[in-house]
Amino acid sequence: MLSGISLPQILIIALIIILLFGTSKLKNLGKDLGGAIKGFKQSMKEEDNAPAEKPQNLTHEKRMETPEEKSKSNTHQD
């Protein structure tokens, strides 16, 4: 029966990872990951503190014509 991963299995996996990569690479990876998370949190805070922009009126946007519409408009001009 599959009951998930137990504590001894997690420890064995962690030991294998440490043996493969070494502690210095894992320490650098942890620093990089922590820095990325910190930067992400700061950017989210800055976005929350920024004043909200007024929504633009999108009703007057020009819609692209489909090929069928283009052919119809070309035939009506003749």
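Quick grid of which residues meet (1) touching a helix residue (DSSP H, G or I) at 6+ places or on another chain (Cβ under 7 Å); (2) modelled with pLDDT under 90; (3) assigned to a helix (DSSP H, G or I); (4) among the aliphatic types (A, V, I, L, M):
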position: G4; (1), (2), (3), (4): no, yes, no, no
position: L11; (1), (2), (3), (4): no, no, yes, yes
position: L33; (1), (2), (3), (4): no, no, yes, yes
position: D48; (1), (2), (3), (4): no, yes, yes, no
position: N57; (1), (2), (3), (4): no, yes, no, no
position: M64; (1), (2), (3), (4): no, yes, no, yes
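On the given criteria, is M44 in a loop (DSSP other than H, G, I, E, B) and modelled with pLDDT under 90?
no
Is it true that L19 is modelled with pLDDT of 75 or more, outside any loop (DSSP other than H, G, I, E, B) and surrounded by fewer than 10 Cβ atoms within 10 Å (Cβ to Cβ)?
When the stated conditions are applied, L19 passes them.
The values are calculated or read from the model by the stated rules, or taken from the named source; none is laboratory data. Computed from a predicted model, the values in this text were never measured in an experiment. Note that we place each Cβ from the backbone using ideal geometry, even for glycine, and neighbour counts take in every protein chain shown.
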